[in-house]
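Structure record follows, encoded as structure tokens.
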């Protein structure tokens, strides 16, 4: 592929220069515009002679394609389509610039399929692990309606908001997991290495130990001399196996997801996140021209929660029988009454897509508040738990010493 030297102006007015590989000068200009650089007229020229510069790239070590990779690709692709570049040329440019080798090979395969006469949506559908049914169907709607650049920007926004929701929920879980992990390590070290020293000392002294001290010493003996650690590993492995078995069975997975949804504190967060994700996805699809029944079918498949999926399928079935969308939602345990009322208003006014987006905005803010409240609640509780765990062991070891001091006095 030829190399082109270029000069361009950034948004700040600074002049930048560089060399880029591309099929032609137009592709270089399009790529620069995606980076917010305006190429100067006549300054994109094919490099002649030997290029002694080294273009070092570190390939992606991971084989997977992240949501972030997909968002960046979608945004850049939308900019190029909006600039008037042909579809195949856009795919060629983007695939040549990617450092993720897996994603690069997928895009090259998509490009070959498009060149062979396939539609863009059909070519993407052959890679379901990268482009889910939501992505493919929205692209299909964009191709039919001639608004592919608009659809791509909507898709990027939807994926970004989905990433943000997932990140918030994971972030809320990381802190307690770290504190619990520290507590387990500290308590294990005390029971395995420290308590046996005190145990030997108390045995040599003789006498009856307080019940709490004796209990802690028995736990230490169980861990160090009676293969207690092996029993814990077997129990943990059994629980993990049961959990995996439930996850692999549709009925078991439904039971797990239903349990998650109605857990104290955390369940409310999961439910609000599910409502935000559902309304955002469906609102984006309806706004893009996807029929409501198709949109509900796709949204159910990408819901990620069996309980929510079943609720959406029930709503879809009711709509296909002639009912409004709000009617079957009224009996739902997942969607709150406010959501049902707002959807009903959207149906009556013909502004369903706008109403769904407003619901999504509201519940995304609710998730923000719920995560903040959960984090604020968990911090002091976890500190108290850690203090009780470590402090309890310390007190158990000092109780006999206090008794000896009282006897002496």
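The values are calculated or read from the model by the stated rules, or taken from the named source; none is laboratory data. In this text the structure is predicted, and so the values were computed from the model without any measurement. A quick note on method: Cβ atoms are made from the backbone with ideal geometry, for glycine too, and the neighbour counts reach across all protein chains shown.
Brief remarks follow.
- Segment 93-110: number of residues that are crowded, with 20+ Cβ neighbours inside 10 Å and in a helix (DSSP H, G or I): 6
- When each of 329, 382, 356, 377 is tested for being touching a helix residue (DSSP H, G or I) at 6+ places or on another chain (Cβ under 7 Å) and more than 30 Å from residue 157 (Cβ to Cβ), the lone residue that passes is 382.
- Residue within segment 131-148 that is in contact with a helix residue (DSSP H, G or I) (Cβ under 6 Å, 6 or more places away or on another chain), outside any helix (DSSP H, G or I) and farther than 30 Å from residue 217 by Cβ present: yes
- Scanning segment 198-210 for residues that are within 11 Å of residue 397 (Cα to Cα) and either touching a helix residue (DSSP H, G or I) at 6+ places or on another chain (Cβ under 6 Å) or loosely packed, with under 10 Cβ neighbours inside 10 Å (or both) yields 198, 199, 202, 209, 210.
- Residue 155 assigned to a helix (DSSP H, G or I), modelled with pLDDT under 85, in the same structural domain as residue 87 (by TED's automatic domain parsing) and under 17 Å from the mean Cα position of the chain (by Cα): no
- Sole exception among (1) assigned to a helix (DSSP H, G or I); (2) touching a helix residue (DSSP H, G or I) at 6+ places or on another chain (Cβ under 6 Å); (3) within 27 Å of residue 173 (Cβ to Cβ); (4) modelled with pLDDT of 85 or more for residue 370, by number: (4)
- A count restricted to segment 333-347 and to residues that are crowded, with 18+ Cβ neighbours inside 10 Å and within 26 Å of the chain's Cα centre (by Cα) stands at 3.
- Tally of residues being more than 21 Å from residue 351 (Cβ to Cβ) and part of a loop (DSSP other than H, G, I, E, B) across segment 313-330: 2
- Exclusive hit being farther than 28 Å from residue 372 by Cα, free of Cβ contacts under 8 Å to residues at least 40 places away in the same chain and assigned by TED's automatic domain parsing to the domain that holds residue 385, set 231, 143: 231
- Where helices (runs of 4 or more DSSP H) fall entirely within segment 189-250, those with at least 3 residues that are within 34 Å of the chain's Cα centre (by Cα) are at 228-248.
- Of all residues making up segment 13-26, the number that are at pLDDT 75 or above and not in a strand (DSSP E or B): 3
- Close pairs from segment 82-98: first assigned by TED's automatic domain parsing to the domain that holds residue 153, partner outside any helix (DSSP H, G or I) and surrounded by 20 or more Cβ atoms within 10 Å (Cβ to Cβ), Cβ under 7 Å, at least 6 apart: 93/22
- Filter result for residue 114 (within 26 Å of the chain's Cα centre (by Cα) and either in the same structural domain as residue 276 (by TED's automatic domain parsing) or on the phi < 0 side of the Ramachandran plot (or both)): no
- Residues satisfying the criterion are absent from segment 261-282 (criterion: farther than 22 Å from residue 367 by Cβ, touching a residue at least 24 places away in the same chain (Cβ under 8 Å) and in a helix (DSSP H, G or I)).
- Selected residue (criterion: modelled with the lowest pLDDT) from residues of segment 299-312 that are touching a helix residue (DSSP H, G or I) at 6+ places or on another chain (Cβ under 6 Å) and assigned to a helix (DSSP H, G or I): 301
- Residue that is farthest from residue 121 (Cα to Cα), among those in segment 44-77 that are modelled with pLDDT of 80 or more and in a loop (DSSP other than H, G, I, E, B): 44
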